[in-house]
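J.: Let me give you the structure first, and then I'll get to my questions.
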Amino acid sequence: MDKDRFLWGSATAAYQCEGAWSEDGKGMGEWDTFCHSEKNNVNPVTGDVSCDHYHRYEEDIRMMAEGNQNTYRFSIAWSRIIPDGTGAVNQKGIDHYNKVIDTCLNYNIVPNATLFHYDLPDALAKKGGWENRGTVDAYAAYAKACFEAFGDRVPLWTTVNEPSYYTHCAYAAGNYPPNIQNFSRRSRAAYYLLLASARAVAAYHEKKYAGQIGLVHDAYPIETEENDEANRKAGYNAELFFNKWVTDCCLKGFFSDDLIEKLIECDIDLSFREKGDDLIFHKGTVDFLGLNIYDRQYVKPYQGGKTEIRMNNRGKDNKVRAGMRIRNWFETAYDENVQKNEWGMEIYPKCIYNELTEIKRQYGDIPLYITENGVGLYESPDRTGTVQDDARIAYLSGCIDYMLKAKEEGVNVRGYYVWSSLDLYSWINGYEKRYGLVYVDYDNGNGRVPKKSYYWYRDLIEKYSNHNEEE
Ligand code: NOJ
C-alpha cells in the first residue's frame, strides 16, 4: 500500500449486507437469533438475505473500482470463521474472505478489514457475551486466526467498530441485542471490548505484520448550548461519555482519572478490573484511529430527573424526539436552526472539521481515517430509474470540504469512506433508511442501480487525484 496515496472508498459490515446467514458452515450470530425472535419488533425484518453481498461481492467491488474508489472497508463475520465463537476454524469462511480480499487486490482496491462489527457469535452471547471475560480470550483467538489467514494481504485492520455506540445500544438504550438497560453492565461489556481490542493490537504488533491496526470510534465533537461554567462542565461530561473513554484507552493506553472518578461517583461497579489489564491496555495502543463521523452532540447541563435515552428507530413515524438525559452528566440540547434528517440526525457538515481538529489538539499527530460518513434517507428511483440523491451529495460534499480543510491545516487524515457502498440493512432501523452510493432493489432480485451520488463521488475522486498528481 502506498502510504502517501489518499484513500477514497466506501464501507459495509458483514451482517448488514452479506445475507447467506446459514451458508457454508456459518454459525448463528447474536443478530441472527435476535432478528428471528419476537424481540425484533421495531422494524421486524432480518439480515437473512439483505443485499446478498456474500454472493455478489465481485459485482459490488467492481462497481467500487469503476467508481474510482481505491479502498473498501468491510467486516469479517466471526461466526463464519469460528462458527461457535471458540474452537475449530471453518475453512469455508476463510475461503470466502480470501475471495473478497483477492478481488479487492485485483481491482487495486486496498482492503480494510474490521474484525468485530456488532455481530457476536450466538454461542458466546449465550455465555454472557461481552460481559464475560472469556469472550476476550475467544476474540483474541479469532483475531489471531484472521491475521494468520489474511495478514499477508490486508494492510489495514480494525479491531472493533464503535465500542461506544455499540455498547450504548446493546446495554444502555437496549435496542440492540442483548437488549439490556443497565450502566454497570454497559461499563463491564465496554471494558472487555476494549481489552479485546488491545489484545488484538498487541498480538498483531508482536508478529510484526506489515500493515497497520486501529480501532474505529463513533466520534462526536461536543458543542454546548451556552458557554457558561455549567455548560462547560456538561460539555466535558459529554466528552467523557461519548469519546474520551475510548480514545484515551486506545491512543494513550489508559483511562483518565476523571472518568474513573465520575463512574465511581455514579455507583458504577468497576470490580471487573483486574491487575494485569493495565499492561494489556498499555501494549495495545493503535497505529491509527478510524472515525465514524455523522454529526455532533449538542448538549446542555443536566436539569434533573431520571436517566432517559430516546432513540429514533422509526424515521418519520417516530413518536418521540431522539435525545438523552444522563443523570448528573448532561442532557441533549436542540438547535432549531440546524436541519435534521427524518431520524433526527443533524445535517451539520462542520462536525468533521471540529472533530478532526479536536483529536489533533488532544492527541497530536496520529494517523486518522474517516471510516464512515453518510446520511440516511428515504429513497426510490424516479421515472427514469435514477435515484436523485441530491441531499446526500450536498451533505457528503460539505463534509469532504471540511475534512480537506482540516487536512490542509495539518491534521493527519489519510482516507475517507462513505457509509455505505450500497444500500443495506440498517440494524434496528431496517431497510427503509438508505445510505448507499448504489441503490439496491430489494423487491426485484436485489438489482444494483448506481445513484447520482455514486457518479458524483467518482468524479470527485478523479478531480482530487488529478489535482494532486499535477502538484
Ligand atoms: C455506524 C455503524 O458502524 C454502521 O453499522 C451503521 O449502519 C451506520 N453507522 C449508520 O447508522
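The values are calculated or read from the model by the stated rules, or taken from the named source; none is laboratory data. Only a predicted model underlies this, so the values are computations on that prediction, with no experimental measurement involved. Using ideal geometry, Cβ is built from the backbone for each residue, glycine included, and neighbour counts are taken over all protein chains shown. Side chains included, ligands, DNA and RNA excluded: accessible areas come from the protein's heavy atoms. Shrake-Rupley method; radii C 1.70, N 1.55, O 1.52, S 1.80 Å.
J.: Check P44 against each of (1) open to solvent by less than 40 Å² (accessible area, probe 1.4 Å); (2) more than 16 Å from the ligand (Cβ to nearest atom); (3) farther than 23 Å from D95 by Cβ and name the one condition it does not meet.
T.: Tallying (1) open to solvent by less than 40 Å² (accessible area, probe 1.4 Å); (2) more than 16 Å from the ligand (Cβ to nearest atom); (3) farther than 23 Å from D95 by Cβ, P44 fails exactly one: (1).
J.: Filter the range 147-163 down to residues that are buried (at least 24 other Cβ atoms within 10 Å of the Cβ) and of a type outside the set (V, I, T), then give me how many there are.
T.: Going through the range 147-163 one residue at a time, the tally reaches 5.
J.: Out of the range 318-339, which residues are open to solvent by 60 Å² or more (accessible area, probe 1.4 Å) and of a type in the set (A, V, I, L, M)?
T.: V320
J.: Here are some residues: E261, E239, E331. Which one is touching a Gly at 6+ places or on another chain (Cβ under 9 Å) and modelled with pLDDT of 95 or more? Spell out how you get there, then give the answer.
T.: Working: E261 fails: touching a Gly at 6+ places or on another chain (Cβ under 9 Å); E239 fails: touching a Gly at 6+ places or on another chain (Cβ under 9 Å).
Exactly one residue qualifies, and that residue is E331.
J.: Okay, next question. State all residues of the range 1-36 that are in contact with a Pro (Cβ under 9 Å, 6 or more places away or on another chain) and either within 16 Å of the ligand (Cβ to nearest atom) or among the small types (G, A, S) (or both); if no residue qualifies, say none.
T.: Passing the criteria: G25, G27, G29, E30, W31, F34, C35.
J.: Return yes or no: is D152 acidic (D, E) and more than 16 Å from the ligand (Cβ to nearest atom)?
T.: Numbers: acidic (D, E): yes; more than 16 Å from the ligand (Cβ to nearest atom): yes.
Yes.
J.: Could you pull out the residue among L193, L215 that is open to solvent by less than 10 Å² (accessible area, probe 1.4 Å), assigned to a strand (DSSP E or B) and within 16 Å of the ligand (Cβ to nearest atom)?
T.: Every option except L215 fails the conditions.
J.: If we scan the range 326-344, do we find a residue that is part of a helix (DSSP H, G or I) and either free of Cβ contacts under 8 Å to residues at least 60 places away in the same chain or closer than 26 Å to S397 by Cα (or both)?
T.: Taking the range 326-344 first, the residues part of a helix (DSSP H, G or I) are none.
No, the conditions are met nowhere in the range 326-344.
J.: Would you mind stating whether F74 is modelled with pLDDT of 95 or more and surrounded by fewer than 22 Cβ atoms within 10 Å (Cβ to Cβ)?
T.: Working: modelled with pLDDT of 95 or more: yes; surrounded by fewer than 22 Cβ atoms within 10 Å (Cβ to Cβ): no.
For F74, the condition - modelled with pLDDT of 95 or more and surrounded by fewer than 22 Cβ atoms within 10 Å (Cβ to Cβ) - is not met.
J.: Which of the residues spanning the range 97-117 are of a type outside the set (V, I, T) and open to solvent by 10 Å² or more (accessible area, probe 1.4 Å)?
T.: So in the range 97-117, the residues of a type outside the set (V, I, T) come out as 97-99, 102, 104-108, 111-113, 115-117.
Listed by number, the residues that qualify are N98, K99, D102, L105, N106, Y107, N108.
J.: Would you confirm, using the coordinates I've provided, whether T86 is within 16 Å of the ligand (Cβ to nearest atom) and farther than 19 Å from P177 by Cα? Quick ask: steps written out before the conclusion?
T.: Values: within 16 Å of the ligand (Cβ to nearest atom): no; farther than 19 Å from P177 by Cα: yes.
No, not satisfied.
J.: Search the range 428-446 for residues that are on the phi > 0 side of the Ramachandran plot and pair each with any residue that is outside any loop (DSSP other than H, G, I, E, B) and away from the ligand (no atom under 11 Å from the Cβ) when their beta-carbon atoms are under 8 Å apart and the residues are at least 6 apart or on different chains.
T.: Once the first residue is on the phi > 0 side of the Ramachandran plot and sits in the range 428-446, its partners that are outside any loop (DSSP other than H, G, I, E, B) and away from the ligand (no atom under 11 Å from the Cβ) give N446/R56; N446/V440.
J.: May I pose another question? I'm trying to understand the selection: among the residues of the range 1-36, which are open to solvent by 10 Å² or more (accessible area, probe 1.4 Å), of a type in the set (A, V, I, L, M) and closer than 25 Å to I180 by Cβ?
T.: Residue satisfying the conditions is M28 alone.
J.: Pull out all pairs, ordered by first then second residue, where Cβ-Cβ is under 7 Å, the residues are six or more apart or on different chains, the first lies in the range 449-464 and is hydrophobic (A, V, I, L, M, F, W, C), and the second is surrounded by fewer than 16 Cβ atoms within 10 Å (Cβ to Cβ).
T.: If the second residue must be surrounded by fewer than 16 Cβ atoms within 10 Å (Cβ to Cβ), the pairs left are V449/P381; V449/G385; V449/D441.
J.: Could you list, in sequence order, all residues of the range 256-297 that are small (G, A, S) and touching a residue at least 40 places away in the same chain (Cβ under 8 Å)?
T.: The answer is G284, G290.
J.: Still on this structure: Out of all the residues in the range 82-109, which are assigned to a helix (DSSP H, G or I) and more than 30 Å from K126 (Cβ to Cβ)?
T.: The answer is K99, I101, D102, T103, C104, L105, N106.
J.: I've got another one for you. Across the range 224-243, what is the total count of residues that are surrounded by fewer than 19 Cβ atoms within 10 Å (Cβ to Cβ) and either farther than 26 Å from G284 by Cβ or not hydroxyl-bearing (S, T, Y) (or both)? Outline the logic, then answer.
T.: Of the range 224-243, the ones surrounded by fewer than 19 Cβ atoms within 10 Å (Cβ to Cβ) are 225-233, 236.
Applying the additional criterion that residues be either farther than 26 Å from G284 by Cβ or not hydroxyl-bearing (S, T, Y) (or both) yields 225-233.
The qualifying residues number 9.
J.: Cβ contacts < 6 Å: first residue part of a helix (DSSP H, G or I), restricted to the range 164-175; second residue within 13 Å of the ligand (Cβ to nearest atom) and among the aliphatic types (A, V, I, L, M), any location; separation 6+ or different chain. Result?
T.: A173/M311
The rows are residues; the columns are (1) farther than 27 Å from V411 by Cβ; (2) touching a Leu at 6+ places or on another chain (Cβ under 9 Å); (3) within 16 Å of the ligand (Cβ to nearest atom); (4) among the hydrophobic types (A, V, I, L, M, F, W, C).
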| position | (1), (2), (3), (4) |
| --- | --- |
| C266 | yes, no, no, yes |
| G276 | yes, no, no, no |
| N292 | no, no, yes, no |
| G304 | yes, no, no, no |
| K316 | yes, no, no, no |
| V338 | no, no, no, yes |
| W343 | yes, no, yes, yes |
| Y348 | no, no, yes, no |
